[in-house]
1. Could you list 34, 17 in order of exposure, starting from the residue whose Cβ has the fewest other Cβ atoms within 10 Å?
2. Take the chain, connect every pair of alpha-carbon atoms lying under 10 Å apart with a spring to form a Gaussian network, then pick out the residue of 38, 29, 64 with the largest mean-square fluctuation.
3. Report, to the nearest 10°, how far helix 20-36 tilts away from the longest principal axis of the Cα atoms in the chain, using its own Cα long axis and a range of 0 to 90°.
4. I want the antiparallel fraction of DSSP beta bridges within the chain, as a percent rounded to 5.
5. Please order 80, 20 by the number of other Cβ within 10 Å, starting at the fewest.
6. Cut-off is 10 Å between beta-carbons; in what order do 49, 67, 82, 77 appear when sorted fewest neighbours first?
7. Let me make sure I get this right: for the chain, a, b and c are the square roots of the gyration tensor eigenvalues over alpha carbons, sorted descending. Under 1.5 in a/c it's rounded, otherwise prolate if a/b > b/c, else oblate. Which is it?
C-alpha cells in the first residue's frame with residue numbers, strides 16, 4: 001500500500017501556514033487523490049529538479065495552496081513543500 005510521507009521541509013512549511021489545523025481541510029482532498037493516483041498531477045522537470053504539484057482552491061479561512069511532492073520507486077509519495085499559491089490571486 002502506498003504511503004504519504006511528510007518530509008521535514010513540508011512540516012516546517014505547514015507550521016509557517018499556521019499548523020495542520022489551518023491547512024488540513026484544504027489538503028484532505030489532495031491527500032486522498034495522492035493515495036489513489038499520484039501520477040495524475042502536473043509534472044515539472046529540468047536538468048536539476050523533478051517534482052509534481054497540486055493546487056487547492058481558497059476556502060473560507062485558508063488561502064489557495066500549492067503542494068510539491070515526489071513519487072518514489074516504491075510508489076510512496078513524499079510531500080516536500082506547501083505554500084500559499086500566489087498565482088491563484
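Every read-out reported here was derived from the displayed coordinates using simple, explicitly stated rules and does not represent laboratory data. In this text the structure is predicted, and so the values were computed from the model without any measurement. All Cβ positions, even for glycine, are placed from backbone atoms using ideal geometry, and neighbour counts span all protein chains on display.
1. Details: 34 22, 17 16.
Listed from fewest to most nearby Cβ atoms, that is 17, 34.
2. Greatest mean-square fluctuation among the candidates belongs to 29.
3. Around 30 degrees separate the two axes.
4. Working: 14 of 17 bridges.
Looking only at bridges with both residues in the chain, the antiparallel portion is about 80 percent.
5. So the ranking, lowest neighbour count to highest, is 20, 80.
6. Working: 49 9, 67 24, 82 27, 77 20.
In order of increasing Cβ crowding within 10 Å: 49, 77, 67, 82.
7. Values: a/c = 1.60, a/b = 1.41, b/c = 1.14.
Verdict is prolate for the chain.
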